[in-house]
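Asker: I am attaching a structure below and will ask some questions about it afterwards.
What follows is calculated from the coordinates using simple rules that are stated; it is not laboratory data. Note that the structure is predicted; figures quoted are calculated from it, not measured. Virtual Cβ from ideal backbone geometry, glycine too; neighbours counted across all protein chains shown.
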Amino acid sequence: MARIIETRRLTPVTKFFRIDAPLIAASAQPGQFVMLRVREGGERIPITIADYDRDAGTITIVVQEVGATTKRVCALEAGDEILDVAGPLGGKIEIPPGGHVCGVGGGFGSAALLCLMREFTARGDKTTAILGARNKDLLILADELRPVCTNVEICTDDGSAGFRGFVTQRLAQMIAGDGPGRPDHVVAIGPMAMMRAVAETTRGPGVKTLVSMDPLMVDGTGMCGGCRVNVGGKAQFACVDGPCFDAHQVDFDVAMRRNKAYVKEEKQALDRLTCMANREAR
């Protein structure tokens, strides 16, 4: 079991967790993930590691309430225990040192930029985080990212904070030389449609780009095949070969169809959880 040290709400459906996990914290790297199981007989879910503190022996994760299991996770508070936390799993994000690294985070995908930007800034890279959300109330971890990045750019669809528009529009401006300037490498983490748009934004100018296929992951071991993705014409598995891949080699048509493969089952599980909660409330 892993004890929860700290929790806080980032948005109405997004929650921050700091967890006591010294063995995981000791070897965690940017881009890796853990598998969580809340209860006996429950579903195992992959969650990207947002940050880690080797000295304190803790890891940080950010969970968005989407289905039944994530709702169960987000019901937990400091002092509670998670039945199983296994990891770190997956490969680390590898980028050559000495350049300008731009991390693009969409929605709660911004959480995964925290340890990534910290590591690259610490080794001497220029770092820029572009954070996007529909409005200012849905932005997460901007204050935490500012101390560990050279620059932080905020984008909101409605203009309620920062640049009014999409992260890809601000990224295109930077590639053209605006603001922090053209990045040498881009890492995009967030919704599949956003990552696809980032890939198309950087393809023409030839900016090397990685995207995280963690939205596809299911069992975290490569056994189920749920996270299979076509990269450069070859079948890869996000949980064991990734989760990050060359954005310009990913077949997003296949990936986006696969990302919707379990929508029906997810809704059924959520409906069962809602019915159970309603019965208990009577």
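Asker: Taking K208 as the anchor, which lysines have their alpha carbon closer than 16 Å to its alpha carbon, excluding any fewer than eight residues away along the same chain?
Answerer: Reachable lysines: K126.
Asker: What length, rounded to one decimal in nm, is gained on full extension from R164 through to E94, with 0.36 nm per residue of separation minus their alpha-carbon distance?
Answerer: Computed gain between R164 and E94 is 22.1 nm.
Asker: Right, another one. Within straight cross-link reach of K136, meaning Cα distance under 17 Å, which lysines are found once same-chain residues fewer than 8 apart are removed?
Answerer: Hits, sequence-local ones excluded: K15.
Asker: Apply the Karplus parameterisation 6.51 cos²θ - 1.76 cosθ + 1.60, with θ equal to phi minus 60°, to every residue of the range 131-140 and state each ³J(HN,Hα) to the nearest whole Hz, in sequence, with x for glycine and proline.
Answerer: In residue order, the calculated couplings are 10, x, 7, 5, 8, 4, 6, 9, 6, 10 Hz.
Asker: Next up: Pick from D214, D125, D51: which residue has the top mean-square fluctuation in a GNM of the chain where Cα pairs under 10 Å get a spring?
Answerer: Looking only at D214, D125, D51, the largest GNM fluctuation is found for D125.
Asker: Output the 0 to 90 degree angle, nearest 10, between the alpha-carbon long axis of helix 192-203 and the longest principal axis computed from the alpha carbons of the chain.
Answerer: Roughly 20 degrees, rounded to the nearest 10.
Asker: Give the aspartates and glutamates reachable from K267 as a straight Cα distance under 16 Å; neighbours fewer than 8 places away on the same chain don't count.
Answerer: In chain and number order, the partners are E43, E65.
Asker: Near the amide H of Y52, under 5 Å away, which other amide H atoms are found, from residues 5 or more places off or on another chain, if H is placed in the peptide plane?
Answerer: Amide H to amide H, under 5 Å and 5 or more residues apart or across chains, Y52 pairs with T60.
Asker: Same structure again: What is the order of C224, C155, fewest Cβ neighbours within 10 Å to most?
Answerer: C224, C155
Asker: If you don't mind, another one. Apply the a/c threshold of 1.5 to the C-alpha gyration tensor of the range 1-122 and tell me whether it is rounded, prolate or oblate.
Answerer: In terms of gyration-tensor shape, prolate.
Asker: Binning at 10 Å from 0, report for the range 31-79 what percent of all alpha-carbon pair distances ends up in each bin.
Answerer: P(r) for the range 31-79, in whole percents per bin: 22, 54, 22, 1.
Asker: Across 10 Å bins from the origin, how do the percents of Cα pairs in the chain run, short distances first?
Answerer: 7, 29, 37, 22, 5, 1, 0
Asker: Rounded to the nearest 10 degrees, what's the angle between the helix 263-281 long axis and the longest principal axis of the chain, both from Cα atoms, 0 to 90?
Answerer: On a 0 to 90 degree scale, this one is about 50.
Asker: Using the alpha carbons of the range 66-209, what is the convex hull volume per residue in cubic angstrom, as a whole number?
Answerer: With only Cα atoms used, the range 66-209 gives 136 Å³ per residue.
Asker: If you bin every alpha carbon distance in the range 146-247 into 5 Å steps from zero, what whole percent lands in each bin?
Answerer: 2, 12, 19, 20, 18, 11, 10, 6, 1
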